[in-house]
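Please read the structure below before turning to the comments.
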Amino acid sequence: MEISTIFMPKSILLIGGPSTGKTTLIHHLKTLGYPCLEEISREVTKKAKSEGIDQLFLEKPLLFSKLLKDARIQQHQQVSTFDTDYVFLDRGIPDTVAYMDYIGQTYTDEFINDCKNYRYEFVFILPLWKEIHQTDAERYESFEQAQEIQKHLLATYHQYGYAPIEVPTGDVATRASFILKTLKG
């Protein structure tokens, strides 16, 4: 009798305040052959702008957060479709709660339950790094605002039982190497 083993890739989450290098790191990991699911908030923001809402997160934060949360749940579910050891994700479901806490937005238990029900195997946090901080049309937070967001991210992930591993600053190859070495133990 043959026993079937179901293989599930590990979901590896990259978090951090605005402009900490997550997207650059995701792109680098892709060049190394790892499957990566990119941040989706820019797409949600661009779609809202095309519909006449200049800054959806500021104008309708609960709707924005629900759209992000639901898209991140889809990404979480997508991880199981890969035939690999690791799948990297740029931001996770608890990020939506952290950002709502940052702006003082109330939210339903649906957000809390989804943070509890959809889990990630590893969470890496990229620290704030003033030298690389930039703003643009979709990323408008100042460095000081990014510091507050970073505090909320850490508090939220700790609240849901995670112990984010801090990635050192440095060039992208060094940061990727740190993550990969950590994963391989």
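Structure summary
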{"item": "Selection within the range 140-185 - hydrophobic (A, V, I, L, M, F, W, C) and touching a strand residue (DSSP E or B) at 6+ places or on another chain (Cβ under 9 Å)", "result": "Leu153, Leu154, Ala163, Ile165, Val167, Phe178, Ile179, Leu180, Leu183"}
{"item": "Criterion (assigned to a helix (DSSP H, G or I), over 25 Å from Gln55 (Cβ atoms) and at pLDDT below 95) met by exactly one of Glu131, Glu144, Glu148", "result": "Glu131"}
{"item": "Residue that is hydrophobic (A, V, I, L, M, F, W, C) and surrounded by fewer than 20 Cβ atoms within 10 Å (Cβ to Cβ), where the choices are Ile93, Ile112, Ile125", "result": "Ile112"}
{"item": "Residue ranges of helices (runs of 4 or more DSSP H) in the range 21-68 with at least 1 members more than 21 Å from Val79 (Cα to Cα)", "result": "41-50, 56-59"}
{"item": "Test result for Phe88, surrounded by 14 or more Cβ atoms within 10 Å (Cβ to Cβ), among the aromatic types (Phe, Trp, Tyr) and farther than 30 Å from Ile53 by Cα", "result": "yes"}
{"item": "Enumeration of residues in the range 1-35 that are among the aliphatic types (A, V, I, L, M) and at pLDDT 85 or above", "result": "Met8, Ile12, Leu13, Leu14, Ile15, Leu25, Ile26, Leu29, Leu32"}
{"item": "Checklist (1) among the small types (Gly, Ala, Ser); (2) under 20 Å from Thr23 (Cβ atoms); (3) free of Cβ contacts under 8 Å to residues at least 40 places away in the same chain applied to Ala176, failing item", "result": "(3)"}
{"item": "Residues of the range 76-94 classified as assigned to a helix (DSSP H, G or I), in contact with a Cys (Cβ under 8 Å, 6 or more places away or on another chain) and within 12 Å of Lys10 (Cβ to Cβ), total", "result": "0"}
{"item": "Qualifying residue in the range 53-71 (condition: closer than 27 Å to Pro9 by Cβ, basic (Lys, Arg) and buried (at least 20 other Cβ atoms within 10 Å of the Cβ))", "result": "yes"}
{"item": "Which numbered condition Ala98 misses (of (1) assigned to a helix (DSSP H, G or I); (2) out of contact with any Ser or Thr (no Cβ under 6 Å at 6 or more places or on another chain))", "result": "(2)"}
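The values are calculated or read from the model by the stated rules, or taken from the named source; none is laboratory data. Computed from a prediction, not measured in an experiment: that's the story for all the values here. Neighbour counts are summed over all protein chains in view; Cβ atoms, including those assigned to glycine, are modelled from backbone coordinates with ideal geometry.
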